[in-house]
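Notes to accompany the following structure.
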Amino acid sequence: MSLEKPKPRVAVYICHCGKNIADVIDMDEITEYAKHIPNVALAKNYKFMCSNAGQDLIAEDLRSGKIDRVVVAACSPLMHEETYRRVLRENNFNEFFFEQANIREHASWVNLRDHKGAMEIAKDHVKMAVAKVSNDRPLIRQKVKVTQEALIVGAGITGMFAALDLANKYKVHLVERTPTIGGHMAQLDKTFPTMDCSACITTPKMVEVGRHPNIDLLTYSEIENVDLNVGNFDVQVRKKSRKINHLICTGCGACGEVCPITVPNEFDYNMGYRRAAYVPFPQAIPAQYTIDIDSCIECKLCVDACDVNAIDFNQEDEIIDLKVGSIIIATGNDIFDPSKLYRYGYQKYKNVLIAIEMERLLSSTGPTLGKVIRPSDHKTPRRIAFLQCVGSRDFHEDTHKYCSRVCCMYAMKQARQYKEKYPDSEVFIFYIDIRAFGKGYEEFYEIAAREYGINFIRGRIGDVFEKNDGSLIVRGNDSLLAEKYEIEVDMLILSTAIEARKDADVVGRFFGVQCSEDGMFMEAHPKLKPVDSLSMGVFIAGTCQAPRDIPDSVAQAKAAASSADNFMASGEVEIEPYYSMVQPEICSGCRSCIQLCPYDAISFDEITNTADINAIKCKGCGVCVASCPSNAIIQNHFTRNQILSEVRALKPWENYIIKN
Amino acid sequence: MVKNSDFEPYIVCFACNWCTYTGSDQAGVSRMQRPADVRIIRLMCSGRMEPRYAIEALKNGADGVIIGACHLGDCHYLEGNEKAVRRFSVFNKFIEEYGMNPKRFQFWHISASEGAEFTEHIKEYVSELKKIGPNSRKKIAAKEFKKLEEALIQ
């Protein structure tokens, strides 16, 4: 038997991807080209390599014994690497004898008009993939035990539903930044299109979350630090001090009654007031009180008022260590601040409100108990107007290009509620397009226009002026009639955009989740992995990912819960074996790698005088590999040989020499 | 000497899997058109990038080498990109010593959502490389390759 390494026999499959690739890159030419690359045993092309028939094509060739390594030139490996690896696995080949050449995203799609250029890139990418696969070595995925507990960040409607779904099977830690759970939905009065009362559907769920034996509720708490060990995340949560012992507090409210400090209530969007010792709203969960230490003057009247001696001004912040197997991020959204758009006069004119403020005015639990009044003179407005797309669908700086999806609906909903309360009033909605996309939404729009007599006027308004009595003059151009208008209204409501949380990037960094261009969290794939993040075991749901309404948020919560369950259920998770290894016979023992490792995965063996890498702790960044002065460290699947062979496969001089 | 107008630069980009590679995917999905001059090699982290890969590419006649890393503080592996920044901070000076235009080497921070930025950067870089002209190593690399080929045949 020959001791020489058998020559790799590579099969190259080129995918048409329907017309996505084949329209730009000539399939016959590239297949012919691939046949002549060293080590290539056969090259084929097919319409859809990822389809069943395409996979069968690979399987057949693998079983025939003609080939032992596979290159698929198709889309990005981030999309289908796993699909093709499975084909190898199922046919008893090591799944790491596979490389994917990205000729769609990186060649055909970015060079739709330059067919020749796209072909050159595609050829190079195929060549590199063949060079790399020829140097691939068999690897075995490592298995790691998964902690059977989950962490959910954010206890709005999304976080609560995800928690309730998961808690039937796992212990769930639900972390919420504010003193109460419920999120934005608890602030709403009614929900479209059914007009059912928001509180009637939220509060029972809040109670359920609060009482569930498997849910560990951590309100008024924030994430302090996360160690991203897949399947065994170490999370530190800072439980902020409430200066009230929650084990003793009965929520009687005696402290709030005696508290002399009055501050605007964030829950009412600063439309109402609360004390420094407070619950944000009467149905809050947990029902116990919190002392807002930033506005408290420490008069300690509450200490005397409290019958059960629950108030403890010596209480400090508490750091809680958690170990969880999966994480769902449901941090929700902020609301666009329209004071940046001076022309609409928010915060300049008293009677210009944003929609969430109007919502609190309409709410029967709000500061006015459901009576709509205008802030300047506390009179009930008779003519009101809504302006749509404030901060969304706007290509200026400080505004967002995307559609916030819910504003058309909530504006119509508020308009209808207002009309129900004051039937003889007049309502205008200034819109660009009415986007009533959901189930029952178009019908809702129909009724708003026909039965409620709400005036829809197309076109953004140009200017808003205030009259002496506080009324507003709205000026604009009706883009359907091509007519200028000037309408006097008592109150103007701005339908503001949903936007990413101000600190989304900071939170994202904790969990290794990237932000998209719009600042919201990025999903692993826009269609196929809508609740996965690029960080394994971390899922995203709700409005932290994109603007969406309540049904969609709940659907995502359930999807994320099921994904997290799926991730933890087997008790084990397989992670990519891209870890690095020290070759002890080459290691000189200089220890320079040890300080560089961000995960403390490298230890030093005093007896052999060499470094040693813990394969489980190693995440496979390869920093140590690149910095080892003796080249003693190898990274699996990204060895020095492999990367060099990729670089050497390229011939940057070729075309240039032919031309000259 | 070739006229700059009919010279297409050859660029090799070493891209971190979590940012620039995904960003380039995003550019593809959004069909952002760019000059067909960039070949992308996937690494798991810019911290894995060794100077010798860049040297090898330049030695072979590549007109430009790009490292695509995450923004500082955004590294998927905590601080791999910071280490790459430090490792490559004097690389331009180094290639200049060897008689190469220091602009042939670029270190970019492109996040996974910045497909548009990546495309813009490439457009600018290509026009800059066209001004600089082709890498003079191309002829030598071609000769060396021919020699190697002949040796193999014999």
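Can you find even one residue in the range A:530-550 that is among the acidic types (Asp, Glu), more than 14 Å from chain B (Cβ to nearest Cβ) and farther than 22 Å from B:Val29 by Cβ?
Within the range A:530-550, the first condition is being among the acidic types (Asp, Glu), and the residues that meet it are A:532, A:549.
Filter again for more than 14 Å from chain B (Cβ to nearest Cβ), leaving A:549.
Applying the additional criterion that residues be farther than 22 Å from B:Val29 by Cβ yields A:549.
Yes; the residues of the range A:530-550 include at least one that is among the acidic types (Asp, Glu), more than 14 Å from chain B (Cβ to nearest Cβ) and farther than 22 Å from B:Val29 by Cβ.
If I go through the range A:239-296 residue by residue, how many of them are touching a residue at least 12 places away in the same chain (Cβ under 8 Å), surrounded by fewer than 22 Cβ atoms within 10 Å (Cβ to Cβ), charged (D, E, K, R) and farther than 22 Å from A:Thr203 by Cα?
Final tally of qualifying residues: 4.
Pull up the range A:628-658, narrow it to residues that are more than 7 Å from every other protein chain (Cβ to nearest Cβ) and in a helix (DSSP H, G or I), then point me to the one that is most open to solvent (accessible area, probe 1.4 Å).
It comes out as A:Ile658.
Report, by residue number, each residue of the range A:469-485 that is of a type in the set (D, E, K, R) and part of a strand (DSSP E or B). Lay out the reasoning, then the answer.
Residues of the range A:469-485 that are of a type in the set (D, E, K, R), as a first pass: A:469, A:475, A:478, A:483-484.
Across the range A:469-485, the qualifying residues are A:Arg475, A:Asp478, A:Glu483, A:Lys484.
For a quick check of your reading of the model, give me the residue pairs whose first member lies in the range A:505-529 and is within 8 Å of chain B (Cβ to nearest Cβ), whose second is in a helix (DSSP H, G or I) and of a type in the set (A, V, I, L, M, F, W, C), with beta-carbon atoms closer than 7 Å and at least 6 apart or on different chains.
Sorted first by the residue in the range A:505-529, then by its partner, the pairs are A:Cys515/A:Ala504.
Across the range A:78-104, what is the total count of residues that are modelled with pLDDT of 95 or more, within 20 Å of B:Met44 (Cβ to Cβ) and facing another protein chain (nearest Cβ under 9 Å)?
Within the range A:78-104, residues that are modelled with pLDDT of 95 or more, within 20 Å of B:Met44 (Cβ to Cβ) and facing another protein chain (nearest Cβ under 9 Å) number 1.
Output yes when any residue across the range A:341-351 is surrounded by 15 or more Cβ atoms within 10 Å (Cβ to Cβ), under 30 Å from A:Lys171 (Cβ atoms) and at pLDDT below 95, and no when none is. Working first, answer last.
Quick first cut of the range A:341-351, residues surrounded by 15 or more Cβ atoms within 10 Å (Cβ to Cβ) only: A:341, A:344-346, A:349-351.
If we keep only those that are under 30 Å from A:Lys171 (Cβ atoms) too, we end up with none.
No.
Residue-wise test of (1) in a loop (DSSP other than H, G, I, E, B); (2) closer than 21 Å to B:Met44 by Cα.
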{"site": "A:Asp518", "(1), (2)": "yes, no"}
{"site": "A:Leu534", "(1), (2)": "yes, yes"}
{"site": "A:Ala546", "(1), (2)": "yes, no"}
{"site": "A:Ala555", "(1), (2)": "no, no"}
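Only one of (1) under 30 Å from A:Val146 (Cβ atoms); (2) basic (Lys, Arg); (3) modelled with pLDDT under 95 fails for A:Lys300. Which number is that?
Condition (1) is where A:Lys300 drops out.
Just to be sure, is A:Tyr578 without any contact (Cβ under 8 Å) to a residue 40 or more places away in the chain and within 10 Å of chain B (Cβ to nearest Cβ)? Don't jump to the end; show me each part of the working.
Numbers: without any contact (Cβ under 8 Å) to a residue 40 or more places away in the chain: no; within 10 Å of chain B (Cβ to nearest Cβ): yes.
For A:Tyr578, the condition - without any contact (Cβ under 8 Å) to a residue 40 or more places away in the chain and within 10 Å of chain B (Cβ to nearest Cβ) - is not met.
Among the residues of the range A:568-612, write down those that are among the aromatic types (Phe, Trp, Tyr) and open to solvent by less than 30 Å² (accessible area, probe 1.4 Å).
So in the range A:568-612, the residues among the aromatic types (Phe, Trp, Tyr) come out as A:578-579, A:599, A:604.
Within the range A:568-612, A:Tyr578 is the sole residue that qualifies.
Which pairs do you get when a residue that is under 15 Å from A:Asp505 (Cβ atoms), found in the range B:57-83, comes within reach of a residue that is open to solvent by 10 Å² or more (accessible area, probe 1.4 Å) and part of a loop (DSSP other than H, G, I, E, B), reach meaning Cβ atoms under 6 angstrom, with the pair 6+ apart or on two chains?
Final answer for the pair search is B:His71/B:Ser111; B:His76/A:Gly512; B:His76/B:Trp18.
Under 7 Å by Cβ, and 6 or more places apart or on different chains, what pairs join a residue from the range A:433-446 that is in the same structural domain as A:Tyr402 (by TED's automatic domain parsing) with one that is in a helix (DSSP H, G or I) and open to solvent by 30 Å² or more (accessible area, probe 1.4 Å)?
Within 7 Å, the pairs are A:Ile434/A:Tyr445; A:Ala436/A:Glu442; A:Ala436/A:Tyr445; A:Gly438/A:Pro551.
When you look at B:Leu129, is it at pLDDT below 90, within 13 Å of another protein chain (Cβ to nearest Cβ) and part of a helix (DSSP H, G or I), yes or no?
Numbers: at pLDDT below 90: no; within 13 Å of another protein chain (Cβ to nearest Cβ): yes; part of a helix (DSSP H, G or I): yes.
In short, no.
Give A:Lys127, A:Lys132 a once-over and let me know the one that is of a type in the set (Lys, Arg), within 34 Å of the chain's Cα centre (by Cα), assigned to a helix (DSSP H, G or I) and surrounded by 22 or more Cβ atoms within 10 Å (Cβ to Cβ).
Values: A:Lys127 fails: within 34 Å of the chain's Cα centre (by Cα).
On inspection, the qualifying residue turns out to be A:Lys132.
Please list, ordered by residue number, the strands (runs of 3 or more DSSP E) wholly in the range A:136-231 having 1 or more residues that are acidic (Asp, Glu) and at pLDDT 95 or above. Explain how you work it out, then say what you get.
Details: elements: A:142-145, A:149-153, A:171-175, A:215-218, A:221-227.
Here the list reads A:149-153, A:215-218, A:221-227.
The values are calculated or read from the model by the stated rules, or taken from the named source; none is laboratory data. Fair warning: this is a prediction, and the values are worked out from it, not measured in the lab. Methodologically, a virtual Cβ is constructed for each residue, glycine included, from the backbone with ideal geometry; neighbour enumeration extends over all protein chains shown. Note: areas computed on protein heavy atoms with side chains; ligands, DNA, RNA excluded. Shrake-Rupley method; radii C 1.70, N 1.55, O 1.52, S 1.80 Å.
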